[in-house]
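Here's the structure, in structure tokens; my notes come after.
The values are calculated or read from the model by the stated rules, or taken from the named source; none is laboratory data. Worth saying up front: this structure is predicted, and the values here are computed from it rather than measured. When we count neighbours, we look across all protein chains shown, and the Cβ atoms used for this are built from the backbone with ideal geometry, even at glycine. Please note that ligands, DNA and RNA were not included when accessible areas were found on the heavy atoms of the full protein model with its side chains. Shrake-Rupley method; radii C 1.70, N 1.55, O 1.52, S 1.80 Å.
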Amino acid sequence: MAANLRTVVGQNIASRARALLQGSSNSDLRCLPITMQRRTYLTHVASQETRMLAKYGGRNTVTLMTGDGVGPELLSHVQEIFRFAGAPIDFEVVEINASTNTPEDMENALLSVRRNGVALKGNIETRFDDPSFKSMNVALRTQLGLFASIVKCKSIPGLNMRHNDVDCILIRENTEGEYRQLEHENVSGVVESLKIITAKKSKKIARFAFDYAVQNNRKKVTAIHKANIMKLGDGLFLESCREVSKDYPDIEFNDLIIDNASMQMVSRPSQFDVLCMPNLYGNILSNIAAGLVGGSGVAAGSNIGDDYAVFESGTRNSGRTLKGKNIANPTGYLLAGCDMLQYLGHNQHAEMIRDSVMTVLSEKQIRTPDMGGSATTLDVVKAIIDDVKPKTLAWKSLAEHGAMLQ
């Protein structure tokens, strides 16, 4: 392994590393003293937010929640690639899954995220055959106030799909709607399930979606609803979006009924830019969009709140049937990790890893079976590491050269 680190850096690799370094200063690459720093960084929304982050020697501590299925193994690969890329992240591993579902386990996970501010998470399975088993994923989102879910779905160059022009952002209200888990059986055979929609949270997610569009040079926001039938609940959500849209005259706004939107997504997805949705509709459309770009293994997801952020795969699929088979696709978790790095302000590391992932998938075409390839998980991970290592060395060389010139 040490011998591999002495790879001769070719001119093309050095030029790519220089491109990644543009706009960064040498101070970005030097270690900082152990301190509590007030760091200002861009979040997924337009405004800059300042939070207190514990940084030790210039490194962020991030909670890593293992989850079920392929989560633990894929997240271990993320850690390995981060190490080879020199990403300034230390992971605090929290073992949490469907088997560790006591109040103490949940409290430990919450304490870790509240302490670190940011988490990378595997999906935790929810037993649907046990009414007393509440979703730990939902509990984490509600108790941490992670009101916005973001799933990015973009066609991967070189991957032959039915549509090769998908590029949409699906933003979903994350804490209310049907996911409040308010159900009861009035009499035997009759169940009421309450869907909660509030003007406050509807306007908040709508403003988040429009702010995201402004910051990321998006042109249109589409609200998804079923207000023709649920005239009060979805009607309130739609009216809230319409009201907020008036504050953004440069962003086009329209709306679609969820059933029509589902059909439009699979027939002409290029019409969508940013979608803003209540909880359940967002879950459905995010999975449809992920399927259009390669499946559950390629989409990245983010859960953003006022104080905390949790990053995970976009479809929240545990991949139980793939566990231990060495065929699971690590792409979604890696791209989620890159989004996490950007959230923390480590933009150059994020772009370097993302560039290597896309190089392996698009140019070298090393792909797992879910993407039509024959490579194993370890094949893909090794290829990404082999692409990352020379970039890291080139980056270090350029940084040292720049420091000598100062």
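From largest accessible area down, sort 263, 136; use a 1.4 Å probe on the protein chains.
On the way: 263 105, 136 10 Å².
Largest to smallest exposure gives the sequence 263, 136.
Residue ranking by accessible heavy-atom surface, 1.4 Å probe, largest first, among 172, 115, 218 comes out as 115, 218, 172. Protein heavy-atom accessible surface, 1.4 Å probe, per residue over the range 221-346: 36 Å².
Residue 363 to residue 264: FRET efficiency via 1/(1 + (r/R0)^6), r the Cβ-Cβ distance, R0 41 Å, to the nearest 0.05?
Numbers: r = 32 Å, r/R0 = 0.78.
The pair residue 363/residue 264 has a calculated efficiency of 0.80.
Mean sequence separation of contacting Cα pairs (under 8 Å, at least six apart), scaled by the length of the range 251-406, corresponds to a relative contact order of 15 percent. Remark: the Cα gyration tensor places the range 136-250 in the prolate category, a/c being 1.5 or greater and a/b exceeding b/c. Proximity of backbone amide H atoms, modeled 1.01 Å from N, is registered between residue 314 and 299, 300, 301 at under 5 Å, excluding neighbours fewer than 5 places apart on the same chain. I'd like the carbon and sulfur percentage of the solvent accessible area for the range 177-312, probe radius 1.4 Å, heavy atoms only, ligands and nucleic acids excluded. So the carbon and sulfur contribution to the accessible surface is 52 percent. Look at where the Cα atoms of the range 239-270 and of the range 81-122 average out, and the two centres are 35 Å apart. If the chain linking residue 247 and residue 306 were pulled fully straight, counting 0.36 nm for each residue of separation and taking away their Cα-Cα distance, it would gain 19.1 nm.
Ranked from largest to smallest solvent-accessible area, with a 1.4 Å probe on the protein heavy atoms, 242, 354, 367 come out as 242, 354, 367. Take the Cα of residue 161, go 7 Å toward its beta carbon, and the backbone nitrogen atoms of the range 353-378 under 17 Å from that spot belong to 357-363, 365-373.
Would you mind classifying the range 209-271 by shape? Square roots of the alpha carbon gyration tensor eigenvalues, ordered a ≥ b ≥ c; an a/c under 1.5 is rounded, otherwise it is prolate if a/b is larger than b/c and oblate if not. Judged from the Cα gyration tensor, the range 209-271 comes out oblate (a/c at least 1.5, b/c at or above a/b).
Semi-axes of the equivalent ellipsoid of the range 230-356 are 29, 20, 14 Å, computed as sqrt(5λ) over the eigenvalues of the C-alpha gyration tensor in descending order. Placing pseudo-labels 7 Å out from each Cα toward the beta carbon at residue 193 and residue 239 gives an inter-label distance of 2.6 nm.
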